[in-house]
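The values are calculated or read from the model by the stated rules, or taken from the named source; none is laboratory data. All values reported here derive from a predicted model rather than from experimental measurement. Backbone-built Cβ (ideal geometry, glycine too); neighbour counts: all protein chains shown.
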Protein chains: 2
Amino acid sequence: MARIQLFYLGPEGTFTHQAAMTAAEQFAPLGDFDLVPLPDVPAIMNAVQSRQGWGVIAWENNVEGYVVPNLDALIDATDVAGFARVSVDVAFNAFTVKGHAIYDCTGQPVSAHPHGLAQCTKFITEHHLRPKAASSNAAACRDLQPGQVALGPSICGKLYDLDVLGERVQDFDGARTDFLVIAPRDVVQELNARAQHGDANDFETIITFIPLATGPGVVANILDILRVAGLNMTSFMSRPIKGHDGTYSFIDTLDAAPWEPRFQKVLEILAMKGIWMKTLAVYPRRERPNPPVDAWMLPKGGIHIDTEHMSDGWQHTESVRKELLW
Amino acid sequence: MARIQLFYLGPEGTFTHQAAMTAAEQFAPLGDFDLVPLPDVPAIMNAVQSRQGWGVIAWENNVEGYVVPNLDALIDATDVAGFARVSVDVAFNAFTVKGHAIYDCTGQPVSAHPHGLAQCTKFITEHHLRPKAASSNAAACRDLQPGQVALGPSICGKLYDLDVLGERVQDFDGARTDFLVIAPRDVVQELNARAQHGDANDFETIITFIPLATGPGVVANILDILRVAGLNMTSFMSRPIKGHDGTYSFIDTLDAAPWEPRFQKVLEILAMKGIWMKTLAVYPRRERPNPPVDAWMLPKGGIHIDTEHMSDGWQHTESVRKELLW
């Protein structure tokens, strides 16, 4: 079996490491994976681009949004694309050094990345711990000293041989980060061809469009063409082209594969309009909830007109003026 | 003159503090400002909502993208909106304790937030410093010890009475963060009315739309109406409604004020379609570059069809297949 290097953001024990472990398991039929930590995402992009192996990069977090520098890096990469999307639950365990249990945490240091500390404030307060910043949660676990507490992903327990003081100590459950598994583009083409003839029936595509014109209606003109083709978008955002203020690229996630005729037709039309395009990733469709949007889900405030029971002159009420600032 | 509390993310010396100082100067004709650091953004939102004063929150960074949790917080706030947008250059100085100059940095600790450390790697390497994470850049400067170096915003020098070892030591110039100045909505209405009759001629608006239907074409249907009205968008993104996977809100920045008749008409039409809407901010239009998008600005790779010189069968070339993954 092929040996494949799978690069991730180190040190060992990061959430990206956890995503890489999940990916290695999922793709076990394709090869034996050597998981390799690298110091930053540009190093991962370079390693994949120079065909040393595949990579895992953080893509989107449901609380923080897109990991924009990684998105920009993928747009700008010459020969890298994504072929799988892996989701990791952002959950923290509290660890102590093996055999050095702490019976009274009061005043003891607790270390994690500042984001990790911010996500476990209740646990820190209840145990009267003293927050101490670390360069990463994984580094906090790796460098843990007796008498101290570290917060990190559950995999750090086994990796660094630590005792668990508390499980799932984060303030809120439900945070998660999605990662893309990336490879050179010809490998992605092969893997997609294989997936197409295998289990997967439906795919999602992340694609970037750059119109060479600006002004009112530019986006609407693109979306018109997607609408006519019946393509469903699940995410859409504008971004300046890297390093160029006042320019626009559009990153679109669609419920379709680029080799489907209706999608190909759309891309042909857009190409003929001189729009720059690059497909960033194609992966099997995720199970996603599709709840009807009910009034109870709406944020507080705002306006929402019930057209059946609306009154004349609704536009002139104080609350409408206040919510719309007109 | 009125005394107005202006809340920002502490401790003293953060980039948000710098933004708050800029805002206090800009709005000096309106009152005497007391700048008040708070521990997190929810505390700032609460202070503003309970009418204790105004606030400053980070909104968008040109490298990292939107500060999504702050965006979600503003969407969900009952009585807060933005009325000014302030931009801060993300530049770092290297500081030492006054009177404790370091002649050889080799092996000495340098402290900053992990993001700050990651943004000054060249300086750290060239001076053979040893990186040490802090909970924030401002805290690193505040807690600086003799023989150590801290990296932080330039205002930390004066605030914490430090010597400057190096100015603008960040790896790359040109990073900046935009902040919104926020207040209770009726105050924003007043301030907007004043701005309208003062210097400002043009405004920008940030608004959220939530259609209660999903499926292909939902976004295109909204953008159609904006296009017909000739409204220019400068930023557009989709976000799940906070806490509800698979639902969609759309956050749109437009080159117009909501009280302009063409914009009001658009909002009336959208309201009549049952779309939930809330204006998040209205502020005087920023000077923005508007470069023509030239081929040299395009990211590497991708496809871009020159329709004048195109060949038959361009769709079937290897490079097109590879870039579009079809």
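Test A:Ile251 against the stated conditions and say whether it is at the interface with another protein chain (Cβ under 7 Å from one of its Cβ atoms), surrounded by 15 or more Cβ atoms within 10 Å (Cβ to Cβ), out of contact with any His (no Cβ under 6 Å at 6 or more places or on another chain) and of a type in the set (A, V, I, L, M).
When the stated conditions are applied, A:Ile251 does not pass them.
Just to be sure, is A:Val187 surrounded by fewer than 22 Cβ atoms within 10 Å (Cβ to Cβ) and of a type in the set (A, V, I, L, M, F, W, C)?
Here the answer is yes, as A:Val187 does meet what is asked.
Take the residues in the range A:59-87 that are within 8 Å of another protein chain (Cβ to nearest Cβ) and small (Gly, Ala, Ser), then tell me which one is surrounded by the most Cβ atoms within 10 Å (Cβ to Cβ).
Ranking the qualifying residues of the range A:59-87, first place goes to A:Ala81.
B:Gln264 passes all but one of (1) assigned by TED's automatic domain parsing to the domain that holds B:Thr208; (2) crowded, with 20+ Cβ neighbours inside 10 Å; (3) touching a Phe, Trp or Tyr at 6+ places or on another chain (Cβ under 7 Å); which number fails?
(2)
Given the conditions (1) aliphatic (A, V, I, L, M); (2) under 30 Å from A:Arg262 (Cα atoms); (3) crowded, with 17+ Cβ neighbours inside 10 Å, which single one is not true for B:Ala213?
(3)
Give the residue that is nearest to B:Asp76 (Cα to Cα), with candidates limited to residues of the range B:280-301 that are more than 7 Å from every other protein chain (Cβ to nearest Cβ) and touching a Phe, Trp or Tyr at 6+ places or on another chain (Cβ under 8 Å).
B:Ala281
Would you point out which residue out of A:Ala47, A:Ala73, A:Ala81, A:Ala24 is free of Cβ contacts under 8 Å to residues at least 40 places away in the same chain and more than 30 Å from A:Leu165 (Cα to Cα)?
That would be A:Ala73, the only listed residue that is free of Cβ contacts under 8 Å to residues at least 40 places away in the same chain and more than 30 Å from A:Leu165 (Cα to Cα).
Taking B:Asp199, is it away from every other protein chain (no Cβ under 14 Å), in a strand (DSSP E or B) and not aromatic (Phe, Trp, Tyr)?
No: the conditions fail for B:Asp199.
Enumerate the strands (runs of 3 or more DSSP E) found wholly within the range A:141-184, keeping only those where 2 or more residues are within 21 Å of A:Val63 (Cβ to Cβ) and at pLDDT below 95. Outline the logic, then answer.
Values: elements: A:149-152, A:162-166, A:176-184.
It comes to none.
Residue by residue through the range A:23-58, note down the ones that are surrounded by fewer than 17 Cβ atoms within 10 Å (Cβ to Cβ) and either assigned by TED's automatic domain parsing to the domain that holds A:Ser135 or over 14 Å from A:Arg3 (Cα atoms) (or both).
A:Gln26, A:Pro39, A:Asp40, A:Pro42, A:Ala43, A:Asn46, A:Gln49, A:Ser50
Given the criteria part of a loop (DSSP other than H, G, I, E, B), at the interface with chain B (Cβ under 7 Å from one of its Cβ atoms) and of a type in the set (A, V, I, L, M), does A:Leu212 qualify?
Taking the combined requirement at face value, the residue satisfies it.
Tell me, yes or no, whether the range B:16-24 has at least one residue that is farther than 29 Å from B:Ser235 by Cβ and in contact with a Gly (Cβ under 9 Å, 6 or more places away or on another chain).
If we filter the range B:16-24 for residues that are farther than 29 Å from B:Ser235 by Cβ, which is where we start, we get none.
Scanning the range B:16-24, I find no residue that is farther than 29 Å from B:Ser235 by Cβ and in contact with a Gly (Cβ under 9 Å, 6 or more places away or on another chain), so the answer is no.
Before we move on, is B:Leu223 buried (at least 16 other Cβ atoms within 10 Å of the Cβ), facing another protein chain (nearest Cβ under 7 Å) and assigned to a helix (DSSP H, G or I)?
yes
Here is a list of conditions, (1) out of contact with any helix residue (DSSP H, G or I) (no Cβ under 6 Å at 6 or more places or on another chain); (2) surrounded by 17 or more Cβ atoms within 10 Å (Cβ to Cβ); (3) modelled with pLDDT under 95, and A:Asp245 meets all of them except one; can you say which number that is?
(2)
Is it true that some residue in the range A:156-170 is in contact with a helix residue (DSSP H, G or I) (Cβ under 6 Å, 6 or more places away or on another chain), at negative phi and of a type outside the set (A, V, I, L, M)?
Scanning the range A:156-170, I find at least one residue that is in contact with a helix residue (DSSP H, G or I) (Cβ under 6 Å, 6 or more places away or on another chain), at negative phi and of a type outside the set (A, V, I, L, M), so the answer is yes.
Checking the structure you have, find out if any residue of the range B:241-250 is under 27 Å from B:Ala193 (Cα atoms) and in contact (Cβ under 8 Å) with a residue 24 or more places away in the chain.
Looking for residues that are under 27 Å from B:Ala193 (Cα atoms) and in contact (Cβ under 8 Å) with a residue 24 or more places away in the chain, one finds at least one in the range B:241-250, hence yes.
Given the conditions (1) more than 7 Å from chain A (Cβ to nearest Cβ); (2) crowded, with 18+ Cβ neighbours inside 10 Å, report the number of the one that B:Leu231 does not fulfil.
(1)
Working only within the range B:91-131, note down all residues that are out of contact with any Lys or Arg (no Cβ under 6 Å at 6 or more places or on another chain), surrounded by 14 or more Cβ atoms within 10 Å (Cβ to Cβ) and either of a type in the set (D, E, K, R) or assigned to a loop (DSSP other than H, G, I, E, B) (or both).
B:Phe92, B:Ile102, B:Cys105, B:Gln108, B:His113, B:Cys120, B:His127, B:Leu129, B:Arg130
Among the residues of the range B:257-279, are any β-branched (Val, Ile, Thr), free of Cβ contacts under 8 Å to residues at least 40 places away in the same chain and facing chain A (nearest Cβ under 7 Å)? Spell out how you get there, then give the answer.
Taking the range B:257-279 first, the residues β-branched (Val, Ile, Thr) are B:266, B:269, B:275, B:279.
Those left that are additionally free of Cβ contacts under 8 Å to residues at least 40 places away in the same chain: none.
No, that holds for no residue.
With the checklist (1) at pLDDT 90 or above; (2) more than 8 Å from chain A (Cβ to nearest Cβ) in hand, flag the one item B:Val218 doesn't pass.
Only one criterion is unmet by B:Val218, namely (1).
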